[in-house]
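The values are calculated or read from the model by the stated rules, or taken from the named source; none is laboratory data. Keep in mind that what you see is a predicted model, and the values were worked out from it rather than measured. Neighbour counts run over all protein chains shown; Cβ positions are idealised from the backbone, glycine included. The protein model used for the area step is the full one, side chains on, heavy atoms only, and it has no ligands, DNA or RNA in it. Shrake-Rupley method; radii C 1.70, N 1.55, O 1.52, S 1.80 Å.
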Amino acid sequence: MYPALSIVFFTTSSGAGFALLTLLGLGAPLGLLPPSPSFGFVALAVAALLAVGGLASSAFHLGRPERAWRAFSQWRSSREGILAVLTFLPAAIFGIGWVFFGVVQGLTGLCGVLAAGLAAATIYSTGMIYASLKPIHQWHNQWVVPNYLALALMSGCLLLDFLVRLWSARYGGVALLASIVVLGAWWTKERYWRLIDTTSGRSTVASATSLGSRGRVRMLEAPHTEENYLLMEMGFRIGRKHRRELRGIARLAGFAVPALSSVCGLLLGGAAGGIVAGLGVASAALGLVAERWLFFAEAKHTVTLYYGADAV
């Protein structure tokens, strides 16, 4: 599949934003985060900018971006958009109570918990966009949604760890949580890569054409004499060498460095701890872009069987 930058940004940015909102909505009412209204303002603003920016970028992948609003009429296939809008309603009440009145308990806290639940549901629904596509074996498997959730939670935890350190060094539990989540996300990603490397889809050129009973099936002539939309969007190819290099970047920048920075953050405080946490966030951003670019580039659509592919 063609890895459009707008979709790469959408899946990484919105995942981080909604995950951060989930952590804020749960952590603040439980007293696990700094109660400062200034912290609430900055943290919620970062979460909103990432979430809204990611959602807005997804519209640029459409042929007619100005018609993106029509997706809300197709609620069965656009659950993530509807859930995203619903999330901002309790999130707004939660933010007003925290930032303007310094309250994170009671009704404000309940709105925070509700916003957290809806944000988590939005992340899950976005992951299901890909997991529900049966023609793409690399997406239609049991590891796509757990990995999507884990990567979003990882980016949210790393961001929260960095933001918390700007206000107080007392909340070391966030760094511990980030360390655990990064390692868990790395494990799910490795399991996903192993699955797509060792298995292939059920469809073959023989089953797709229903000619398998007559012997070996091969393409006599290409369906088109030049590039078309299907080949551009669903016939993207990536070399084995580039795939290995990008996976190496994802492993190092996306998982190894953030894991190390989180562990070091447990031992460091003050400015040193903040710098280390910031490096972890920057490294994870680079690694997740490489990982998400691969997520699309390595996916093979069944339609490519009609263009010369033996299997997907």
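Key figures for this structure:
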item: From the options 30, 110, residue that is over 20 Å from the mean Cα position of the chain (by Cα), within 27 Å of residue 174 (Cα to Cα), surrounded by fewer than 17 Cβ atoms within 10 Å (Cβ to Cβ) and modelled with pLDDT of 95 or more; result: 110
item: Single residue of 201, 235 found to be at pLDDT below 70 and touching a helix residue (DSSP H, G or I) at 6+ places or on another chain (Cβ under 8 Å); result: 235
item: Single residue of 244, 251, 194 found to be under 20 Å from the mean Cα position of the chain (by Cα), of a type in the set (Lys, Arg), at pLDDT 85 or above and over 20 Å from residue 152 (Cα atoms); result: 194
item: Members of the stretch 262-286 found to be under 20 Å from residue 151 (Cβ atoms) and either open to solvent by 10 Å² or more (accessible area, probe 1.4 Å) or not in a helix (DSSP H, G or I) (or both), listed by number; result: 263, 278, 279, 281, 282, 283, 285, 286
item: The lone exception for residue 189 - which of (1) under 22 Å from residue 298 (Cβ atoms); (2) open to solvent by 40 Å² or more (accessible area, probe 1.4 Å); (3) of a type in the set (D, E, K, R) it fails; result: (2)
item: Unique residue being modelled with pLDDT of 90 or more, in a helix (DSSP H, G or I) and either closer than 24 Å to residue 145 by Cβ or not polar (S, T, N, Q) (or both) when the list is 55, 49; result: 49
